1. Top mean-square fluctuation among 60, 38, 16, Gaussian network model of the chain, C-alpha springs under 10 Å?
2. Skipping prolines and chain starts, which residues have an amide H placed within reach, meaning under 5 Å, of the one on residue 19, given they are 5 or more residues away or on another chain?
3. Kindly sort 77, 24, 64 by accessible area of their heavy atoms, largest first, with the probe set to 1.4 Å.
4. For segment 30-41, in order, what is each residue's ³J(HN,Hα) by Karplus, 6.51 cos²θ - 1.76 cosθ + 1.60 with θ = phi - 60°, in whole Hz (x at glycine and Pro)?
5. Nothing charged except the Cβ atoms of Lys and Arg (+1) and of Asp and Glu (-1): what's the magnitude of the dipole of segment 18-87 about its Cα centre? Round to the nearest 20 debye.
6. Can you list residues whose amide H is under 5 Å from residue 58's amide H, if they're 5+ apart or on another chain and H is modeled 1.01 Å from N?
7. Is segment 18-87 rounded, prolate or oblate when judged by the Cα gyration tensor, a ≥ b ≥ c being the square roots of its eigenvalues, rounded requiring a/c under 1.5 and prolate requiring a/b larger than b/c?
8. Accessible area per residue of segment 18-87 at 1.4 Å probe, in Å²?
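The values are calculated or read from the model by the stated rules, or taken from the named source; none is laboratory data. Worth saying up front: this structure is predicted, and the values here are computed from it rather than measured. Heads up, the Cβs are rebuilt from the backbone with ideal geometry, glycines too, and the neighbour counts pull from every protein chain shown. We work out accessible area using only protein heavy atoms, side chains counted, and drop any ligands, DNA or RNA first. Shrake-Rupley method; radii C 1.70, N 1.55, O 1.52, S 1.80 Å.
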Amino acid sequence: MLKGWDFISELRVIYITINSINVLDSLIDSSINIVGVIENSKYVNNVSSKIEEYCYMNEIPYYLMNEGCNDSIVDWLTNLKPDLIVVNQ
């Protein structure tokens with residue numbers, strides 16, 4: 001049985017950001033189970049974002065959202081089965 005805040009590490013979390021790698025890094029350092037990251041394409045200034053590279057290095061699924069909410073992102077999210085979605089601006 002989990003006690004106190006121990007359940008947090010069991011949650012499947014999706015992190016949505018507009019270019020904030022520091023918060024993502026802090027979540028991972030805190031043993032938060034990040035199962036996917038979504039980044040908004042209008043805030044990505046270069047061809048390969050630092051967040052995308054970070055996700056690749058940490059084996060975290062990454063999705064670059066460039067068309068808003070569509071069937072593709074819904075399918076991606078459904079497959080990851082998150083318990084919680086965290087949005088950082």
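1. The residue with the greatest mean-square fluctuation here is 60.
2. 40
3. 64, 77, 24
4. For segment 30-41, the Karplus curve yields 8, 6, 6, 7, 7, 9, x, 10, 10, 10, 7, 5 Hz.
5. Charge dipole, segment 18-87, about its Cα centre: 120 debye, nearest 20.
6. Here the answer is none, since no amide H 5 or more places off falls under 5 Å of that of residue 58.
7. Oblate.
8. Averaged over the residues of segment 18-87, the accessible area is 66 Å².
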